Amino acid sequence: MYITIIKKNKRARNYLLATASSNLGNVMTGMALLFLAYDLTASNAYTTGIAIAQVAPYLLFGLIGGVIADWISKMKWLIRIDLFRSPLLIGLVLLDFSNQLAYWHLIIVSILIHLCGCLYNPAHRAIIPLITSERERPAVNSLTDTVTRGMTVLGPVFSIIFMNTIGVIHFFTLDALSYLLSALFLSFILLKEEQTDKKHFNIFTAIREFAIWLRSHKTIRSLFEMTAFIVFFNTWVWQVGLLLLLQETMANAEVWYSVVTGWFGIVVIIVNLIVPYIFKQFTLKTYLLSSLIWGTGILFLGGLPAIPLLVLGIIWVAVGLPLSGLSRVYLLQKYIPPDMLGRGFSFNAVLLYFSNFISLGFFGLVSYWVSIHLIFIICGTCMMILAGIYVLLNLRK
């Protein structure tokens with residue numbers, strides 16, 4: 001199935017290559033920003049601040065990104081953003097060479113990179129229905145998620161090599177090159193797109209139009225409600241808490257973090273490749289059950305420093321999280337009208353990042369008074385309870 005699609009659908013093939021290129025760099029940059037922030041400040045709060053800086057642009061401009069994705073030529077838009085992002089990261093490398101790199105530089109570049117991301121991502125996901133048939137779509141979604149999350153395997157490999165050779169700063173060099181490669185592959189995709197008449201274009205009217213549609217659609221509304229809760233309990237523990245947990249319990253925490261992230265990526269690849277053979281279609285119930293599995297993994301991670309619990313937790317998260325993501329994307333593509341799909345994905349992103357922002361701020365403060373282990377246990381338990389409640393309500397209906 002996968003080989004046939006890759007051979008016959010050239011547009012999907014170049015799309016996947018572009019996705020792989022940009023996401024390898026994204027993994028490296030995310031790790032580098034956290035590592036450098038902690039190295040420069042030795043502060044949990046400042047390290048959490050970097051994560052918050054990655055969230056703020058999505059809260060402020062995420063919905064606008066979706067409206068633009070429904071309005072303009074998506075492919076040209078993606079290429080231009082890739083070409084803009086590359087020099088930003090080279091700038092950090094040059095600052096480091098001149099011994100002028102400071103924490104506030106990391107904050108500014110993090111904000112700009114993720115501002116680009118909130119304008120890029122809705123158009124990027126909305127491209128898939130334009131380059132695939134309905135029969136191909138579940139497999140291409142799975143491959144896209146496999147490539148995206150699978151880069152967490154190569155990212156840690158490069159990170160370990162770079163940390164022990166030329167330094168963390170060159171994570172940014174790799175990312176800059178990856179954006180250029182992404183733009184190159186996207187330029188090979190020939191795509192005719194219908195564009196909205198600019199004379200009738202109004203950002204607020206477009207957002208209001210989607211909000212009215214959303215109120216009338218119970219499945220997507222329930223999907224978004226559950227997503228907000230699950231992401232709130234996951235974000236801090238996974239993005240920041242896991243690194244801090246390893247620093248509390250193990251020597252060479254950054255290396256362990258890279259290894260754990262790589263192990264997570266391997267399991268995700270396996271799960272993503274298997275899922276389309278098991279699930280030909282996804283439902284809200286599939287999403288809820290996957291969230292239950294996801295929460296179980298977070299709960300197991302709270303049992304550190306026991307290595308078996310660490311491995312088991314990573315496996316459960318790596319099963320639940322991608323299955324949850326694939327279910328959500330499939331449901332959005334199935335139920336949201338094509339001319340609103342960009343707004344649908346941008347609203348999904350804004351919701352995710354709003355939950356991220358609240359999670360990072362809340363649990364960042366809580367971590368001053370509550371142990372990291374206990375936060376993992378509380379968050380995992382809450383995710384399981386919420387998913388279980390929604391499953392029961394869904395079965396009753």
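In the set (1) modelled with pLDDT under 80; (2) in contact with a helix residue (DSSP H, G or I) (Cβ under 8 Å, 6 or more places away or on another chain); (3) open to solvent by 20 Å² or more (accessible area, probe 1.4 Å); (4) not small (Gly, Ala, Ser), residue 316 fails one condition alone, (1). The condition (being within 16 Å of the chain's Cα centre (by Cα), of a type outside the set (Val, Ile, Thr) and closer than 30 Å to residue 134 by Cα) is satisfied by just one residue among 351, 341, 360, 331: 351. When each of 387, 318 is tested for being touching a Lys or Arg at 6+ places or on another chain (Cβ under 9 Å), in contact (Cβ under 8 Å) with a residue 12 or more places away in the chain and either more than 30 Å from residue 60 (Cα to Cα) or of a type in the set (A, V, I, L, M) (or both), the lone residue that passes is 318.
Residue 233: closer than 17 Å to residue 372 by Cβ, touching a helix residue (DSSP H, G or I) at 6+ places or on another chain (Cβ under 6 Å), modelled with pLDDT of 85 or more and assigned to a helix (DSSP H, G or I), yes or no? Criteria met by residue 233. Checking each residue in the range 169-200 for being at pLDDT below 85 and open to solvent by less than 20 Å² (accessible area, probe 1.4 Å) picks out 169, 171, 172, 175. The set of residues in the range 356-396 being open to solvent by 10 Å² or more (accessible area, probe 1.4 Å), of a type in the set (Ser, Thr, Tyr) and part of a helix (DSSP H, G or I) consists of 381, 390.
Filtering the range 258-302 down to residues that are of a type in the set (Ser, Thr, Tyr) and part of a helix (DSSP H, G or I), which residue is surrounded by the fewest Cβ atoms within 10 Å (Cβ to Cβ)? Steps first, please.
Kept after step one, since they are of a type in the set (Ser, Thr, Tyr), are these residues of the range 258-302: 258, 261, 277, 283, 286-287, 290-291, 296.
Next, from what is left, pick out any that are part of a helix (DSSP H, G or I): 258, 261, 277, 286-287, 290-291, 296.
On the way: 258: 22, 261: 20, 277: 10, 286: 19, 287: 26, 290: 25, 291: 29, 296: 20.
Among those that are of a type in the set (Ser, Thr, Tyr) and part of a helix (DSSP H, G or I), it is 277.
With (1) at pLDDT 80 or above; (2) part of a loop (DSSP other than H, G, I, E, B) as the list, and residue 251 as the residue in question, which single condition is left unmet? Condition (1) is where residue 251 drops out. Annotation for the range 79-92: no member residue is in contact (Cβ under 8 Å) with a residue 40 or more places away in the chain, over 20 Å from residue 178 (Cβ atoms), among the aliphatic types (A, V, I, L, M) and surrounded by 15 or more Cβ atoms within 10 Å (Cβ to Cβ). If you go through the range 203-251 and pick out every residue that is open to solvent by 70 Å² or more (accessible area, probe 1.4 Å) and either over 27 Å from residue 263 (Cβ atoms) or touching a residue at least 12 places away in the same chain (Cβ under 8 Å) (or both), you end up with 12. Within the range 125-134, the residues that satisfy the criterion of being surrounded by fewer than 23 Cβ atoms within 10 Å (Cβ to Cβ) and either in contact (Cβ under 8 Å) with a residue 24 or more places away in the chain or in contact with a Leu (Cβ under 8 Å, 6 or more places away or on another chain) (or both) are 128, 129, 130, 131, 132.
Within the range 1-56, the set of residues being hydroxyl-bearing (Ser, Thr, Tyr), open to solvent by 20 Å² or more (accessible area, probe 1.4 Å) and either assigned to a helix (DSSP H, G or I) or touching a Leu at 6+ places or on another chain (Cβ under 6 Å) (or both) comprises 2, 4, 38, 41, 46. Counting only residues that are at pLDDT below 85 and open to solvent by 40 Å² or more (accessible area, probe 1.4 Å), the range 93-102 holds 5 of them.
The values are calculated or read from the model by the stated rules, or taken from the named source; none is laboratory data. Please read all numbers here as calculations on a predicted model, not as lab measurements. As a convention, Cβ positions derive from the backbone with ideal geometry for all residues, glycine included, and neighbour counts pool all protein chains shown. Calculation scope for accessible area: heavy atoms of the full protein, side chains included, ligands and nucleic acids excluded. Shrake-Rupley method; radii C 1.70, N 1.55, O 1.52, S 1.80 Å.
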